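The values are calculated or read from the model by the stated rules, or taken from the named source; none is laboratory data. Since the model is a prediction, treat every value here as computed from it, not as a measurement. Note: ideal-geometry Cβ built from the backbone for every residue, glycine included; neighbour counts use all protein chains shown.
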Amino acid sequence: MSAPRLKSIERGTLWDQAYLSLKASILSGRFAPGDRVVLRQVADDLGISLTPVRDAVNRLIAEKVLDRGGLGPAGASIVPLLDADQFSQLMTVRSSLEPMAAEAAAANTTAEGLHAVERLLVEMKRSVQEKRTEQYLEAHYQFHFRIYDMCRMPIVEDIIENAWLRCAPTLRLGLPEYIPGLKRYEHHVATLAALARGDGAAAAQSIQADIESARTDIAALLLQQQERRTASR
């Protein structure tokens, strides 16, 4: 039996906790496009009943993060497979907002925040070297959002998070063995250095370069997949 992708949660506001746990798992790359999110399995992983899980999944479906899947009391939802245009649109949202958030963060950095970003950068490199894909994706997500936490613009951060939720599973496509996971590492290093010296413009530039590089590579992979599917019909 495979290990659960979600951590069990304590009793409380179970609907909110189930939603937050699912969201964290999606953001950190634990689900790939086409994966089935089986309600019964999620409930077992979290140690709760089906009802709060169903409510949480329905909210993610309404937010277009998941697609509706099988019916029945223990049914499933599906992680969408984006096409190249859909993915590019989401990356346009990211490319528009995340550089702005990084620039604002540069004016609000703390020693604690910078140290946390640095630790995550080290974890990203170590995870790639040790071929721990899921750990890399989680550290990569946390790296970005630890920066955006410092921008002090919660509404902007909420919009960025929704774009990430919808494209995070597709970002897994950028880490097959034949594409070096550290290809964009220099942009992350440059971002940290810019934040440390309070250079908002440079932080924005390196974040945008990171996003555009990922957009180019992954959109190309999606187009290749679309062409293969079309040719096989």
Would you mention how many residues in segment 124-133 are surrounded by fewer than 15 Cβ atoms within 10 Å (Cβ to Cβ) and either among the hydroxyl-bearing types (Ser, Thr, Tyr) or within 12 Å of the chain's Cα centre (by Cα) (or both)?
0
So is GLN86 touching a helix residue (DSSP H, G or I) at 6+ places or on another chain (Cβ under 8 Å), surrounded by fewer than 18 Cβ atoms within 10 Å (Cβ to Cβ) and not acidic (Asp, Glu) or not?
no
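Table: residues versus (1) of a type in the set (A, V, I, L, M, F, W, C); (2) outside the structural domain of GLU98 (by TED's automatic domain parsing); (3) at pLDDT 90 or above.
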residue: GLN135; (1), (2), (3): no, no, no
residue: GLU177; (1), (2), (3): no, no, no
residue: ALA201; (1), (2), (3): yes, no, yes
residue: ARG215; (1), (2), (3): no, no, yes
residue: ALA220; (1), (2), (3): yes, no, yes
Being surrounded by fewer than 15 Cβ atoms within 10 Å (Cβ to Cβ), touching a residue at least 60 places away in the same chain (Cβ under 8 Å) and part of a loop (DSSP other than H, G, I, E, B) is the filter here, so list the residues in segment 190-203 that pass it.
GLY198
Do we have VAL37 as touching a Gly at 6+ places or on another chain (Cβ under 9 Å), farther than 30 Å from GLY200 by Cβ and of a type in the set (A, V, I, L, M, F, W, C) here?
yes
Could you grab the pairs with beta carbons closer than 8 Å, sequence gap of 6+ or different chains, first residue in segment 204-233 and more than 30 Å from VAL117 (Cβ to Cβ), second one assigned to a helix (DSSP H, G or I)?
LEU223/ALA84; GLN226/ALA84
Taking into account only those residues within segment 98-110 that are aliphatic (A, V, I, L, M) and over 18 Å from GLN142 (Cβ atoms), which is surrounded by the fewest Cβ atoms within 10 Å (Cβ to Cβ)?
ALA107
Selection from segment 98-116 of residues that are among the aliphatic types (A, V, I, L, M) and either over 21 Å from ILE159 (Cα atoms) or modelled with pLDDT under 95 (or both):
ALA111, LEU114, ALA116
Meets criteria (on the phi < 0 side of the Ramachandran plot and touching a His at 6+ places or on another chain (Cβ under 8 Å)) for GLU98
yes
